[in-house]
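Engineer: Please find one structure pasted underneath; my questions will follow.
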Amino acid sequence: MSQYTEEELGRRMFRLNMQKAVEEAVDKIRRNLEEEWTSFSSGDVLILKGILGDVWVSIERTSWDNMVFSRLTKEDVEEIIRTGKEADTRKDGKQGAIIQVQEILSHPGRD
C-alpha cells in the first residue's frame, strides 16, 4: 500500500469534495431543465463542470452552498458554458470568467 503524506491526502480530499459539489450542482441543473438538458453536448457538460469547479475553488463554501442551481435557466447554462469556453482567451483572463459565472449563479433566471 502506498504511503501518502498529509498534504497529498489533503489535496485528494479537496479535489474529491470539489468534484462531489460540482456533480451535485450539475444534477440539480439537469433535473431542473429536464428535456432542455438534452440540447447540451457531452463537451458542453465537461466545460460546465470545469468552470463550476473553478468557481467552487474560488469562493467560500457558504457562498457555494447558498447558490440555487435548480433555478438556472437554459439561457443561464448556455452563458456559463460560453464563458467557460472563452475563459482562457478573455482579456481579463480565467479569473474574469470565474467572476462572470459567479454573477450568473448569484442571480439565476434574471431578466
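Engineer: Output the pairs from LYS49/LYS94; LYS74/LYS94; LYS28/LYS85; LYS49/LYS74; LYS28/LYS49 with a Cα-Cα distance over 18 Å in this structure; if there are none, say none. Show your work: numbers first, answer last.
Structural biologist: Details: LYS49/LYS94 15 Å; LYS74/LYS94 23 Å; LYS28/LYS85 22 Å; LYS49/LYS74 15 Å; LYS28/LYS49 13 Å.
As for pairs spanning more than 18 Å Cα to Cα, those are LYS74/LYS94; LYS28/LYS85.
Engineer: Taking the Cα atoms only, what angle lies between the long axis of helix 93-106 and the longest principal axis of the chain, rounded to 10 degrees?
Structural biologist: 60
Engineer: Ratio to report: Rg/Rh of the range 59-98, with Cα atoms as the point set and Rh obtained by the Kirkwood method; give two decimals.
Structural biologist: Numbers: Rg = 11.9 Å, Rh = 11.4 Å.
In the range 59-98, Rg relative to Rh is 1.04.
Engineer: Let me ask something else. So, with +1 on the Cβ of K and R and -1 on the Cβ of D and E, and no other charges, what is the size of the charge dipole of the chain about its Cα centre, to the nearest 20 debye?
Structural biologist: Roughly 180 debye, rounded to the nearest 20.
Engineer: Write down the Kirkwood hydrodynamic radius of the range 32-111, to one decimal in angstroms, obtained as one divided by the mean of 1/r over all alpha carbon pairs.
Structural biologist: Working: mean 1/r = 0.0781 Å⁻¹.
Evaluated over the range 32-111, this radius sits at 12.8 Å.
Engineer: Could you work out the relative contact order of the chain, using alpha carbon pairs under 8 angstrom and six or more residues apart, expressed as a whole percent?
Structural biologist: Details: 83 pairs, mean separation 31.5, N = 111.
28 percent.
Engineer: Still on this structure, I have one more. Using only Cα atoms, find the angle between the long axis of helix 6-33 and the longest principal axis of the chain, and express it within 0 to 90 degrees, rounded to the nearest 10.
Structural biologist: That helix lies at roughly 20 degrees to the long axis.
Engineer: Report the gain in length on full extension from LYS74 to GLU24: 0.36 nm times residue separation, minus Cα-Cα distance, nm rounded to one decimal. List each step's numbers first, then the result.
Structural biologist: Numbers: separation 50, 0.36 × 50 = 18.00 nm, distance 1.74 nm.
Full-extension gain reported as 16.3 nm.
Engineer: Show me the trypsin sites (Lys or Arg not before Pro) within the range 14-106 that DSSP assigns to loop and that have at most 15 other Cβ atoms within 10 Å of their Cβ. Please report the intermediate quantities before stating the final value.
Structural biologist: Values: sites: ARG15, LYS20, LYS28, ARG30, ARG31, LYS49, ARG61, ARG71, LYS74, ARG82, LYS85, ARG90, LYS91, LYS94; in loops: ARG90, LYS91.
Passing sites in the range 14-106 are ARG90, LYS91.
Coordinate-derived values only; no laboratory data. It should be emphasised that the depicted structure is a prediction, and the values quoted were computed from it without experimental measurement. FYI the Cβ positions are ideal-geometry reconstructions off the backbone, even for glycines, and counts take in every protein chain you see.
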